[in-house]
Amino acid sequence: MLKQFFRDSAIYGLAGILSRGISLLLVPVFTRVLLPGDYGIVDLLTIVASLVYLTIALEISQAVPRFWGDASTEEGKVGYASTGLWFTVAVYTAFCVAAALAAPQLGRWVLRAEGQESIVLAAIAMMYATGIFYYVQNQLRWQLRPREYAVASLAMTIATLLAAVVLVPGMRLRALGVFAAQAAGATIGLVIGLYFLRDTFRPVFHRDKCGEMLRFSLPLVPSGIAVFVALYSDRIIIQQLMTLTDVGLFGIGYRFASIVSLLMVGFQGAMMPLVYTHHRDPGTPAQLARIFRAFSAFALLLCASLALLAPELLILFTTPAYYGAAGVIPLLAPAVLFANMYIFAPGLAIAKRTRVIALLTTSGAVLNVAGNLLLVPRLGIFGAALATLLSAMIVFVLWMMASQRSFHVPHDWLRLGLAAAGTLALCALGVASWQLPLALGLAIPLKLIALAALAGFLVAVGLVRREEIASAISAVRGMVARVAPSRSLESASGP
């Protein structure tokens, strides 16, 4: 399992890094075309889209892998996958038709502005294509087909990038162009994904299988809503208590903080399919503990990098109008991390305790809303970031405790705690150093030296072991050695 996990996670991770990396490269382009208020519009409609993805299909895509793996025949597997697909298409079609008819009202309700129907319609088209694409993309994961998953993801990203360059800076369509580009990219990715799964999806729908999957997934719907509230209540409350410009600043800070999620992409893509397949193997818990320890080292180093280098990142990639977002990045980076680390606590999903999942995520949403209502009036967008971090951290701790009761994993909490404490101390010193009048050419080298010291500290406390580093270096050298002879042979046999 361990070898397959790292191989698959590398593929998922590369696809995710390229996809999200290209999106980040658009930030310097968009921030010179879109005003902070435009970014506020994009963020608010993206929030609505996230709620749609979590609720409209009743989370049936989360039920498919749980029953797909237990199906004893190929016909049974195809029946579950196809039933889930047609259910998803039907409910998205019904929703998007209704939403399109109500576009003027949605514009007034969500954006608090008149004349935004065209932007709302573009966002609805994006939701339709993306929602169905996500189902198809996930099916490639459940079938352990990471290469096809990567191809579909990259095709969607490249198509979105090309369309965005044409529509946003080229045709100056601003927020409308952002959503139109996303709709075009998702459509391309969907077509490619359906081609890869042409032997999986058939024109069949089984009511009994649909009912079976919905009984599993329905408790995840309030859980999904709670996740939505926990993730996005900050921006909604900022909009209500502050301005669209503040929403835009917070959104830019969140985008840079979400670089942390690049580390999660490979782990998320590979983890759950393999856990569902191998959770009965006696060696699986120890392997999960080793994976979590290695992941934590990279995650802590990445969070520290974002915390220390936040001002420099904004200077390099945005304009002065967005520099105020620097203060939220050190808090939002670990918040994004905690919000996604539930994959390392799979006990509740394995035990099918979806009601407990719903309870935990709902509690997190309540904490986040309460924290934002308390702190935003006092601390502005910094208070929103702090509330988001605290609620995400509390939910992860509770989730891990509950998971350990159902599926115990032997984590080394002492080493993890020491590494986290050292990283926190470095981040606090780094943020305090923002007040020092250092030139950019001096500040960056000093911060890189501090990050190198943190990396050494993580090795010293045993979060990453020297033999594991040596093994990783040896594996990379082996890959290079295998590639080099083949290239030499190609050169020798050339014209």
Query raised in the report: At q = 0.10, 0.25 Å⁻¹, what is the log10 ratio I(q)/I(0) for the stretch 67-162, with the Debye formula run over Cα points and no solvent?
Result: -0.40, -1.20
Query raised in the report: Per Stokes-Einstein, at 20 °C and 1.002 mPa s, what whole-number D in µm² s⁻¹ belongs to the stretch 374-427, with the Kirkwood radius over Cα pairs as the hydrodynamic radius?
Result: 160 µm²/s
**Report entry** Mean Cβ neighbour count within 10 Å, used as a protection proxy, ranking 394-407, 44-57 highest first
**Finding:** 44-57, 394-407
Query raised in the report: In straight Cα distance, which aspartates and glutamates are under 17 Å from LYS209, not counting same-chain residues fewer than 8 positions off?
Result: GLU59, ASP70, GLU74, GLU75
Report task. Work out the P(r) tail for the stretch 89-241: percent of alpha carbon pairs separated by more than 19 Å, whole number. Result -> 66 percent
**Report entry** Cβ-Cβ FRET estimate between PHE298 and ALA432, R0 fixed at 22 Å, reported to 0.05
**Finding:** 0.35
Requested in this report: Provide, for q = 0.10, 0.17, 0.21 Å⁻¹, the log10 of I(q)/I(0) from a solvent-free Debye sum over equal Cα point scatterers in the stretch 340-445.
Outcome: -0.45, -0.95, -1.11
Report task. Pull up the cross-link candidates among the aspartates and glutamates for LYS447, meaning alpha carbon to alpha carbon under 19 Å and not fewer than 8 places away within one chain. Result -> GLU312
Query raised in the report: In nm, what is the difference between 0.36 nm times the number of residues separating TRP109 and ALA321 and their Cα-Cα distance?
Result: 73.6 nm
Report task. Please give the peptides 175-185, 423-433 ranked by average Cβ packing (other Cβ atoms within 10 Å per residue), highest first, as a rough proxy for protection. Result -> 175-185, 423-433
Report task. At q = 0.12, 0.14 Å⁻¹, what is the base-10 log of I(q)/I(0) for the stretch 242-461 according to the Debye formula with one equal point scatterer per Cα and no solvent? Please give it to two decimals. Result -> -0.71, -0.93
Query raised in the report: So what's the gap between the Cα centers of the stretch 367-402 and the stretch 108-144, to the nearest angstrom?
Result: 27 Å
Report summary line: Simple SL model, points at 7 angstrom along Cα→Cβ for PHE205 and TRP86; separation in nm is 0.6 nm
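Every read-out reported here was derived from the displayed coordinates using simple, explicitly stated rules and does not represent laboratory data. Only a predicted model underlies this, so the values are computations on that prediction, with no experimental measurement involved. When we count neighbours, we look across all protein chains shown, and the Cβ atoms used for this are built from the backbone with ideal geometry, even at glycine.
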